[in-house]
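Taking it in order: structure first as structure tokens, then the write-up.
The values are calculated or read from the model by the stated rules, or taken from the named source; none is laboratory data. Please read all numbers here as calculations on a predicted model, not as lab measurements. Cβ: placed from backbone, ideal geometry, glycine included. Neighbour counts: every protein chain shown.
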Amino acid sequence: MDQTTTLAHQNLLALLALTPFATALLLATMSRRAAAPLAALGMIAALALLAGLAGAVGGGDVVAVQRAWVPSAGLSLSLRLDGFSWLFAVLVMAIGLMVVVYAHAYMAGKDGLPRFFALLMLFTGAMQGILLSGNILMLVVFWELTSIVSFLLIGFWHHGPAARDGARTALFVTALGGVCLLLAMLLLGQIVGSYDLDAVLAAGPQVTAHPLYGTVLTLFLIGAFTKSAQVPFQFWLPGAMAAPTPVSAFLHSATMVKAGVFLLIRFSPVLGGTEAWFFAVTGTGMLTLLVGSVIALFRHDLKGLLAYSTISHLGLITALAGIGTQGAILAAIFHICNHAVFKASLFMAAGIIDQQTGTRDLRRLGGLARAMPVTATLAMVAAGAMAGVPLLNGFLSKEMFLAEAVEWHNGSWLDDALPYLAVVASAFSVAYALRFIMSVFFGPLATGLPRTPSEPSGALRRPVEALVALCLLVGIFPAWIIGPQINAAAMAVLGPGLPVYDIALWHGVNAALMLSLVAFGCGWLIWALTARRIPLGPEGPPLLRHLRGQKIYERIMLEATWVAPRRALRALATEKLQPQLRLMVAGAMVVAVAAVWGRFSLEASVRSTPFNPGFALIWLIGGACAIGAAWQAKYHRLAALVMLGGAGLVTCLTFAWLSAPDLAVTQLLVEVVTTALLLLGLRWLPQRRAELAEDNLPSARRRRLRDLMIAVAGGTGIALVAYAVMTRPLVPNVGDWFLANAYHEGGGTNVVNVILVDFRAFDTFGEIAVLAIVGLTVFALLRRFRPAPESVDQPDQQSATSGQMLADYLMVPSVIMLWMFPVMMMIAAYFFFRGHDLPGGGFAAGVTMAIAFLLQYLATNVRWVEARLTVLPIRWMGIGLLIACGTGMGAWIFGYPFLTSHARYLDIPLIGQVPAATALLFDLGVFALVMGATVLMLIAIAHQSLRAARLRDQSCESPAKEAR
């Protein structure tokens, strides 16, 4: 393969990875009518890219793209495509296309369609990220992303409690497994010496011989088993049935749950081949296969039956991955494909039945083959594939499974039991497939249904028809349709040089065929014996009815999140905030003293700064402000807040005095914002009248004395640490390196800003992401907050927080505060554009812009401001994150690590040379997010004040009405 072809394939692979995410981003801005066509176009584009890559991976080659991320730590953004991941990616995109077409008809007229299809494409991208990751840590990132997006999809109809509960359970279980998987991958990388997937896959003997192999295996299997709903983690999957049917079809067939079995097969050469692997993986798989098939027979909900059948088939694939031979891996990959096809069609058929009849209860359905003959035929063929009926795709992979169960021999008791367990589970599979067919489509036509059953529209049925046709084609012509792809996938897993496995319809009369016939006969017998009894009883087999995983999970969660914390709170703590803060500060002080005890010296090793009377006077004023704030907090909160601002102003002057103008500017702006926000929040504090009465009690005096001692001790300790640090030389001094390299490496003379947006830009990116989360959290909490009646009916006049009172207190007319808006905008722009070379930057500019909005809310009221200004802080936050992330990703185009900055001078006519750096774009993202987050919290507090005013007006009107 020449270099041009390789580069072309690499570009196709990069486009393949980005296509679902780009489509999701576009869908978020689309109208309802354009959402489904655009989503389908994204799936088709991905399939076209995969078709372009088919030749490169069909011969056993690997297409890889690698971009440096953190080269010093050996981390990279690596994409990797081989025959196995190619086949899986085709499966995801093809089933995804069918789901999109089905969802377009199924969810017609529903709300939030652009959001639904955007989440669906994001889910597709996350799953594809798992398949294409060439770095095991990057794989874990996409692994967790599937959990997060599936939470949003399962809870899409969040108005229903079942959807909320199912989404929370799925997120908790799979995210917990993701944490275990992350630990396993970190240990694997340390054992192998690299996080590159190719290096890890080639280090099987090294990993299995390592002392930490057992730990890695345990953590790895917890991660895989939770995602693929293996016993004992299977309970989250039936709860996910509260999702819209298209989501269920996609989640159960080609995504999410298949990620776990994909991981087991992919890492079987690394972690497999040992007795521990065989017993843990095959044993768990067989248990899940048996438990899932038995419970499925007793489920009355149609989607519940299909959910447990999914659990059962996932157990089958897991058991094959545990065996690990060439035939087992081939059978596992083949069954992944077959199960995806017939399970997607079955869920779509279940959705049609639910939509056309108004119920999914198997006890109420019956005789639908008369009213819906086409749908009935399609569903029965898909159910036959699920049961393993000959001439259908499920028969072939199921027979391969039985053959492996018979032929595998390692002399263990589990090996001897495999054929018997496989036959029993297969018999129950036949039984629940028969129950599905006979209960829904045969017998007298059901009466009293919410809707009169009839055939659905052609658009709703076309995806089912295509999938069922594929079941037949693969079942009859397997070698032509899918044989080469299955062999290429197995070669990618087990290595080159494998003999080609002949996937044929007929392999003669052998043990596997005999076991299949026995399973069919036993399955018919089980159904015949239970057909009348099961509809009359509760869900679940008698032996497992009291061991339901969901109930156990709910009990554990209740104990862990409610009962145990309440007991600990009653025994060790209090619900009051002040004692908790006191304990936290005292604990931190004890830990700090223990850390420096015996190693702390106040003797200065360098000459201290000479005494300056002016500086001492400034700090005397600051200390007086701090003491006054503490004293006035007892009597007048507004005065205490102003004095606290005075102490903050002294801190700003200190930074300026000690040649730290950036810190001085930032501190000053933050002081303004926090003072105003605290001022707005004073309304919700308890009234001082009752507290003043309590302050005269001896216990209150002791409490205040104790708090004073803790404050003095803490302040003294911080002062001593600061003195020790500032009077000792730092060797090596990292600050000297930044001073020497800021201009040449980052293109700016403001070293602080260059550090924030260039040298440590990734840290800044994480910090603004945290700020966005904090802003959204504060907004959500304040939206749920309702002011207490006493704080509304009898407001404390000393704590009033109107803007007019602040203006009067500071002797600033409100009109001047209004006129400050354009001035503050200009100051924000000034700070922003000068930040790379002079004090300022995106953070300072964002806070300044937030102050401009803050002054408007303080000077007038919420209604007046929002009638004249369109404030969309959440969009500002989102745009800021996108700009910051996009700037970092732009470096990849030129082959540099994420967030690598470039600086140069631009010649502008009539102006001359102007310094320019890509870090300016990153700083723009910081500006937008900081401004949006601050304004969002401001708006939340302002709206709470408006709500309180309305409640107060209503409480004042009620007595007047009664008097009239």
Expected single match for within 25 Å of ALA94 (Cβ to Cβ) and either crowded, with 24+ Cβ neighbours inside 10 Å or of a type outside the set (S, T, N, Q) (or both) among ALA369, ALA331 is ALA331
Out of all the residues in region 52-61, is one or more over 21 Å from ALA490 (Cα atoms) and assigned to a helix (DSSP H, G or I)? no
Which of the following residues is in contact (Cβ under 8 Å) with a residue 12 or more places away in the chain, in a helix (DSSP H, G or I) and not hydrophobic (A, V, I, L, M, F, W, C): GLN66, GLN10? GLN10
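A quick yes/no check of all residues on (1) within 24 Å of HIS104 (Cα to Cα); (2) part of a helix (DSSP H, G or I):
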residue	(1), (2)
GLY129	no, yes
LEU137	no, yes
TRP143	no, yes
PHE151	yes, yes
TRP157	yes, no
THR169	no, yes
Got a sec? Which of VAL257, VAL200, VAL231, VAL261 is of a type in the set (Val, Ile, Thr) and over 22 Å from LEU81 (Cα atoms)? VAL231
Residues satisfying the stated conditions in region 836-855, i.e. modelled with pLDDT of 85 or more, buried (at least 24 other Cβ atoms within 10 Å of the Cβ) and in a loop (DSSP other than H, G, I, E, B): GLY840, GLY841
Selection status of ALA492, under 13 Å from CYS337 (Cβ atoms), of a type in the set (Gly, Ala, Ser) and surrounded by 15 or more Cβ atoms within 10 Å (Cβ to Cβ): no
Run down THR887, THR870, THR918 and say which single residue is polar (S, T, N, Q), closer than 26 Å to VAL847 by Cα and surrounded by fewer than 12 Cβ atoms within 10 Å (Cβ to Cβ). THR870
Those residues of region 194-228 which are closer than 16 Å to GLY178 by Cβ and assigned to a helix (DSSP H, G or I), in sequence order: VAL216, THR218, LEU219, PHE220, LEU221, ILE222, GLY223, ALA224, PHE225, THR226, LYS227
Going by the structure shown, is ALA170 in contact (Cβ under 8 Å) with a residue 12 or more places away in the chain, over 21 Å from LEU132 (Cα atoms), under 21 Å from the mean Cα position of the chain (by Cα) and buried (at least 20 other Cβ atoms within 10 Å of the Cβ)? yes
Hey, among VAL862, VAL935, VAL926, which residue is surrounded by 16 or more Cβ atoms within 10 Å (Cβ to Cβ), modelled with pLDDT under 85 and within 27 Å of LEU781 (Cα to Cα)? VAL862
Residue match in region 439-448 (condition: of a type in the set (Ser, Thr, Tyr) and buried (at least 20 other Cβ atoms within 10 Å of the Cβ)): yes
If I filter region 575-592 for residues that are modelled with pLDDT under 70 and surrounded by 10 or more Cβ atoms within 10 Å (Cβ to Cβ), do I get at least one hit? no
Residue list for region 730-776, filter: closer than 16 Å to THR918 by Cβ and among the small types (Gly, Ala, Ser): ALA742, GLY746, GLY747, GLY748, ALA761
Can you tell me which of (1) part of a helix (DSSP H, G or I); (2) modelled with pLDDT of 75 or more; (3) over 24 Å from ILE437 (Cβ atoms) is the one VAL509 doesn't meet? (1)
Which residues, taken from region 442-471, are assigned to a helix (DSSP H, G or I) and in contact with a helix residue (DSSP H, G or I) (Cβ under 7 Å, 6 or more places away or on another chain)? ALA459, LEU460, ARG461, ARG462, PRO463, VAL464, GLU465, ALA466, LEU467, VAL468, LEU470, CYS471
Residue count for region 728-776, restricted to those that are of a type in the set (Lys, Arg) and either within 30 Å of MET937 (Cβ to Cβ) or in contact with a Gly (Cβ under 7 Å, 6 or more places away or on another chain) (or both): 1
Evaluate the following for GLY178: is it surrounded by fewer than 21 Cβ atoms within 10 Å (Cβ to Cβ) and in contact (Cβ under 8 Å) with a residue 12 or more places away in the chain? no
Give me the pairs, please: first residue somewhere in region 820-846 and within 14 Å of ASN750 (Cβ to Cβ), second residue anywhere and hydroxyl-bearing (Ser, Thr, Tyr), beta-carbon distance under 7 Å, and either six or more positions apart or on two chains. PHE831/THR848; ASP837/THR749; PHE843/THR666; ALA844/THR666
Sort out which residues of region 298-320 are closer than 10 Å to VAL261 by Cβ, aliphatic (A, V, I, L, M) and under 28 Å from the mean Cα position of the chain (by Cα), and write them in order of number. LEU314, ILE317
What do you reckon, is PRO390 of a type outside the set (Asp, Glu), out of contact with any Leu (no Cβ under 6 Å at 6 or more places or on another chain) and either modelled with pLDDT under 90 or not in a helix (DSSP H, G or I) (or both)? yes
Have a look at ALA469, ALA479 and point out the one that is within 42 Å of the chain's Cα centre (by Cα) and either modelled with pLDDT of 90 or more or over 29 Å from GLY83 (Cβ atoms) (or both). ALA469
Select, from LEU668, LEU677, the only residue that is out of contact with any strand residue (DSSP E or B) (no Cβ under 8 Å at 6 or more places or on another chain), surrounded by 11 or more Cβ atoms within 10 Å (Cβ to Cβ), at pLDDT 80 or above and closer than 28 Å to PHE843 by Cα. LEU668
Among what's in region 391-414 and is farther than 29 Å from LEU467 by Cβ and in contact (Cβ under 8 Å) with a residue 40 or more places away in the chain, pick the residue that is surrounded by the most Cβ atoms within 10 Å (Cβ to Cβ). TRP408
Of all the residues that make up region 242-268, how many are more than 19 Å from VAL140 (Cα to Cα) and within 20 Å of the chain's Cα centre (by Cα)? 7
Which of the residues that make up region 883-931 are in a loop (DSSP other than H, G, I, E, B) and hydrophobic (A, V, I, L, M, F, W, C)? PHE894, PHE898, LEU899, LEU910, ILE911
Assess whether THR359 counts as being under 29 Å from VAL100 (Cβ atoms), over 30 Å from the mean Cα position of the chain (by Cα) and surrounded by fewer than 22 Cβ atoms within 10 Å (Cβ to Cβ). yes
